[in-house]
Amino acid sequence: MTIDPRVGFWLSIALSAMAFVAGAGATLTDLFGPNSTKIILGICTLILGIGNAINAVLHAIPSQSGPSAAKDFYLGPKPPQT
């Protein structure tokens, strides 16, 4: 299975935008109040963690296909060492 590199690119862009929202937590308090800000920042932090983990796996998938692709996949099965 080959993943288009643009998927990881746009996922990184979306996660960066979320990181800016999470980093602007102090200003969100003025806009939404303290309780809503806690919820927004909690959701952003959770999505950032999960999204970054998914993005790391997407970048570990080799971009070429064929018999050599399996050995280049960091998370794939490794041949037995002799």
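The values are calculated or read from the model by the stated rules, or taken from the named source; none is laboratory data. Predicted, not measured: the structure shown is a model, and the values here were computed from it. Here the Cβ positions follow ideal geometry from the backbone for every residue, glycine too, while neighbour counts run over all protein chains shown.
Of all residues in region 1-22, those being surrounded by 13 or more Cβ atoms within 10 Å (Cβ to Cβ) and basic (K, R) number 0.
The requirement of being at pLDDT below 80 and charged (D, E, K, R) is fulfilled nowhere in region 25-39; no residue meets it. Just one of the listed residues (F20, F9) is assigned to a helix (DSSP H, G or I), at pLDDT below 85 and over 18 Å from H59 (Cβ atoms), and it is F20. Pairs are defined by a Cβ separation below 8 Å, a sequence spacing of at least 6 or placement on different chains, a first member in region 33-61 that is farther than 12 Å from A22 by Cβ, and a second member that is outside any helix (DSSP H, G or I) and hydrophobic (A, V, I, L, M, F, W, C); the pairs so defined are V57/L75; L58/I3; A60/F73; A60/L75; I61/M1; I61/I3; I61/F73. Scanning region 23-51 for residues that are exposed (fewer than 14 other Cβ atoms within 10 Å of the Cβ), more than 24 Å from S12 (Cα to Cα) and not acidic (D, E) returns L31, F32, G33, P34, N35, S36. Among residues of region 23-40 being hydrophobic (A, V, I, L, M, F, W, C) and part of a helix (DSSP H, G or I), the one that is nearest to I54 (Cα to Cα) is I40.
Within region 47-69, the residues that satisfy the criterion of being among the aliphatic types (A, V, I, L, M) and modelled with pLDDT under 75 are A60, I61, A69.
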